Each structure stands twice: as structure tokens, then as C-alpha cells.
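Here the structure is laid out as C-alpha cells; the discussion comes afterwards.
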Amino acid sequence: MAGVQEIRQRLRGQRINTLRSRIEPLLAGRTGAEVWLFGSLARGDWDARSDVDLLAVAPDQCAADQLAEALLGAGLAADVIGHSQGRWLERQLGDAPWWRGICRDAILLQPTPKP
């Protein structure tokens, strides 16, 4: 019989895989775009009431905003932040505590990471 922690890990994996498969078609034709999961689901401390938080990254801010709107329009997240690749890199290298936490915990959803 599976323990609670094991069940939570399995359910988390299923939610992440579902997000990956639903996001993939939205990236068609969006060269250089990425979608990252952050927040409680990425950290693993989610519960049944937790929402999904996504970061849409694209070569420029306009493309990032369009991707963020597509993700919201598809109902994939309650919160989507759009960043250009340059801004995302700044966040990753910066020292703001909130962004350090996001960068530490974020999971690349699409494109699917290579093993």
C-alpha cells in the first residue's frame, strides 16, 4: 500500500505531465519560447486548493506577453508572468529573494527537458 507522500508525488507528477502535454501545442511556431512552473506545485508543497503559476519566456517581451495570454486563455494557470529571455536571465542572476526562490524551485515544462 502506498504511503501518503508516495501518493502526493504520483499526483504531482501526473499534474506536471498533464500541463506539459497541454502546453506543447501552444508553443508551436514560437521559436525560443519556454514555459516554467513555479509556486507550490513546483516546490511540492501544494494542496487541493493550490493554483498553478507559470512563467512564459520568449525572445522578446511582446512574444512573452502573447504566450502568457495564450496560457491564460487555455485555462492552464491562475497566474502567468511573461518575461523576455533577457529579463528572465536577469532574474536568475539577481539577488531579489522572491525571484531567487522562484529560480530555485522552477520546473521547465516546455520544451520538455532532454534526459
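Counting the residues of segment 23-50 that are in a helix (DSSP H, G or I), under 12 Å from the mean Cα position of the chain (by Cα) and either among the aromatic types (F, W, Y) or within 17 Å of E69 (Cβ to Cβ) (or both) gives 1. Residues of segment 92-106 include at least one that is within 20 Å of N17 (Cβ to Cβ) and either among the hydroxyl-bearing types (S, T, Y) or assigned to a loop (DSSP other than H, G, I, E, B) (or both). Would you call R20 out of contact with any Ser or Thr (no Cβ under 7 Å at 6 or more places or on another chain) and either free of Cβ contacts under 8 Å to residues at least 24 places away in the same chain or within 25 Å of I7 (Cα to Cα) (or both)? Answer is no for this residue.
For segment 1-21, taking the residues that are in contact with a helix residue (DSSP H, G or I) (Cβ under 9 Å, 6 or more places away or on another chain) and outside any loop (DSSP other than H, G, I, E, B), the one that is farthest from Q110 (Cα to Cα) is identified as R12. Determine if segment 51-64 includes at least one residue that is in a helix (DSSP H, G or I) and out of contact with any Lys or Arg (no Cβ under 9 Å at 6 or more places or on another chain). Scanning segment 51-64 turns up at least one residue that is in a helix (DSSP H, G or I) and out of contact with any Lys or Arg (no Cβ under 9 Å at 6 or more places or on another chain). Do the conditions hold for L41, that is, is it modelled with pLDDT of 95 or more, within 18 Å of R15 (Cβ to Cβ) and buried (at least 18 other Cβ atoms within 10 Å of the Cβ)? So L41 does not fit the description; no.
Please enumerate the residues belonging to segment 69-115 that are surrounded by 14 or more Cβ atoms within 10 Å (Cβ to Cβ), more than 12 Å from V57 (Cα to Cα) and aromatic (F, W, Y). If the condition is that a residue be surrounded by 14 or more Cβ atoms within 10 Å (Cβ to Cβ), more than 12 Å from V57 (Cα to Cα) and aromatic (F, W, Y), then W99 is the only one that fits.
The values are calculated or read from the model by the stated rules, or taken from the named source; none is laboratory data. Computed from a predicted model, the values in this text were never measured in an experiment. Here Cβ is always computed from backbone atoms with ideal geometry, including for glycine, and neighbour counts include all displayed protein chains.
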